[in-house]
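Each remark here refers to the structure printed beneath this line.
The values are calculated or read from the model by the stated rules, or taken from the named source; none is laboratory data. All figures in this text were calculated on a predicted structure; none of them were measured in a lab. Don't worry about glycine lacking a Cβ; one is built from the backbone with ideal geometry, like all the others, and counts go over all protein chains shown.
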Amino acid sequence: MYDSDTPLSEPAAEAASRFTTDRADALLSGAELLGGDAARRRTGRLIRDLAGAPRLTRRLRAELVALHRLLSLQDVDDPDSDAAAFFAAIDPASPAVEEICLLTDALTSLLEALADMEIREAVPLDRVA
């Protein structure tokens with residue numbers, strides 16, 4: 001989805017920054033629950049980097065995708081992984097579970113919107129016959 005080397009325009013960076021800034025506490029908490037202190041620090045760096053980014057670079061897009069992978073539990077199927085251990089420690093009845101699900105849905109929507117922006121920038125609508 002995000003293999004372009006060309007950084008996306010300012011609106012994409014603004015959308016990603018607004019998303020992470022508006023949900024910073026929830027993203028940090030979710031990352032910590034599912035990935036420990038290292039995931040919380042990585043998410044914090046992403047939030048800070050996006051806040052000052054004039055453009056959404058390939059690295060920032062990759063970090064957003066990594067956060068999505070964490071929140072959507074894509075790496076918990078290996079029982080020997082850290083991700084599986086963090087996931088197993090979460091009480092399924094915890095309100096944090098629903099919050100993480102809502103965050104994941106919202107982040108999925110953001111990533112889809114960013115992909116649409118990337119397509120529009122690659123093929124400007126005024127050039128489509």
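Looking only at segment 30-61, how many residues end up being touching a residue at least 60 places away in the same chain (Cβ under 8 Å) and acidic (Asp, Glu)? Let's see the steps before the verdict.
At the first step, the residues of segment 30-61 found to be touching a residue at least 60 places away in the same chain (Cβ under 8 Å) are 30, 33-34.
If we keep only those that are acidic (Asp, Glu) too, we end up with none.
Adding up the residues that qualify gives 0.
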> Would you call Leu110 closer than 27 Å to Pro11 by Cβ and assigned to a helix (DSSP H, G or I)?
Replying inline: yes
>> Between a residue in segment 67-93 that is in contact (Cβ under 8 Å) with a residue 40 or more places away in the chain and any residue that is of a type in the set (Ser, Thr, Tyr) and surrounded by 10 or more Cβ atoms within 10 Å (Cβ to Cβ), which pairs come within a Cβ distance under 8 Å, given they are 6 or more apart or on different chains?
In response: Leu67/Thr43; His68/Thr104; His68/Thr108; Leu71/Thr104
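Any residue at all in segment 65-87 that is basic (Lys, Arg) and over 18 Å from the mean Cα position of the chain (by Cα)?
First pass over segment 65-87, keeping only residues basic (Lys, Arg): 69.
Checking the rest, the ones that are also over 18 Å from the mean Cα position of the chain (by Cα) come to none.
Looking for residues that are basic (Lys, Arg) and over 18 Å from the mean Cα position of the chain (by Cα), one finds none in segment 65-87, hence no.
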> For segment 84-119, how many residues meet the condition of being of a type in the set (Gly, Ala, Ser) and over 21 Å from Arg23 (Cβ atoms)?
Replying inline: 5
> What are the residue pairs meeting all of these: first residue in segment 16-28, first residue on the phi < 0 side of the Ramachandran plot, second residue of a type in the set (D, E, K, R), Cβ atoms under 7 Å, and 6 or more apart or on different chains?
Replying inline: Ala26/Glu99; Leu28/Arg40
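Go over the candidates Leu73, Leu64, Leu50 one by one and state the one that is modelled with pLDDT of 90 or more and at positive phi.
Details: Leu64 fails: at positive phi; Leu50 fails: at positive phi.
Testing whether each residue is modelled with pLDDT of 90 or more and at positive phi leaves just Leu73.
Please tell me if Leu114 is modelled with pLDDT of 95 or more and under 17 Å from the mean Cα position of the chain (by Cα). Reasoning before the result, please.
Numbers: modelled with pLDDT of 95 or more: no; under 17 Å from the mean Cα position of the chain (by Cα): yes.
Against the criterion (modelled with pLDDT of 95 or more and under 17 Å from the mean Cα position of the chain (by Cα)), Leu114 does not qualify.
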